[in-house]
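Every read-out reported here was derived from the displayed coordinates using simple, explicitly stated rules and does not represent laboratory data. This structure is a prediction, so every number in the text was calculated from the model and none was measured. Note that each Cβ is placed from the backbone with ideal geometry, even for glycine, and that neighbours are counted across all protein chains shown.
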Amino acid sequence: MDDKVDESAKIVDSHIGQSMIREFVTVHDSTIGDDCEIYERSSIKKCRIGDDVVINAGNFIENVEIGNEVQIGPNSSIVGVTHNLGETGMELHNDVFERIILHSGTFVGARAVIMPGVEIGSDTVVSAGAIVTEDIGERKIVVGSPPTQQVIDLSDWI
């Protein structure tokens, strides 16, 4: 790490390339590539992040593989951890890890939610506020949330 990591950031069992880590960011059990920008009050756990990635302020990201040149807007939740649900309810303290994959060139808008186990194709846009519960192919735009969610070819949108 170098002087691009703010002194208030907490880095635990992680490798940070030549990247900027801002105030009150936590990084646990993760690898972050070069030329990344991680902004204030974001939490990153159990992730592998490529190069030239921008993670805006206030994000919670866990158990995610992020390709190169990905941008994530502020206050998004991208969490590849869930719990089993049985007849007696949700099983507490028994995490189930379902990795999320964001391929290169993905853009995730502000306050988006990407659910466990989802894979987002390269050059895909997840609009602000969208909730993504299923895999999305490459070069798409995702608007809204189920059940009225729209997935449109990016070329048709443009």
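For the range 64-125, go through all pairs of different Cα atoms, get the mean of 1/r, take its inverse, and jot down that Kirkwood value in Å.
On the way: mean 1/r = 0.0798 Å⁻¹.
For the range 64-125, the Kirkwood estimate is 12.5 Å.
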10 Å-binned pair-distance histogram of the chain (Cα, whole percent): 12, 41, 31, 14, 2, 0
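Of the DSSP beta bridges with both residues in the chain, give the percent that are antiparallel, rounding to the nearest 5.
Working: 9 of 50 bridges.
Percent antiparallel among DSSP bridges in the chain is about 20.
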What does a probe at Ser8 reach in the range 50-69, counting residues whose amide N is under 20 Å from the point 7 Å along Cα→Cβ? 55-61
Determine the calculated [θ] at 222 nm for the chain from helices alone, applying -39500 (n - 2.57) to every DSSP H run no shorter than 4 residues and normalising by the residue count; nearest 500 deg cm²/dmol. -500 deg cm²/dmol
Karplus-derived 3J(HN,Hα), 6.51/-1.76/1.60, for each residue of the range 43-60, Hz, glycine and proline x: 10, 10, 9, 6, 10, 10, 10, x, 9, 6, 9, 10, 10, 5, 5, x, 8, 10
Highest GNM mean-square fluctuation, the chain, Cα pairs closer than 10 Å: which of Pro146, Pro74, Pro116? Pro146
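Give, rounded to the nearest 20 debye, the magnitude of the charge dipole that the chain has about its Cα centre when Lys and Arg contribute +1 at Cβ and Asp and Glu contribute -1 at Cβ.
In total the dipole reaches around 380 debye.
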With springs only between Cα atoms under 10 Å apart, run a GNM on the chain and tell me which of Ser43, Ser127, Ser145 wobbles the most. Ser145
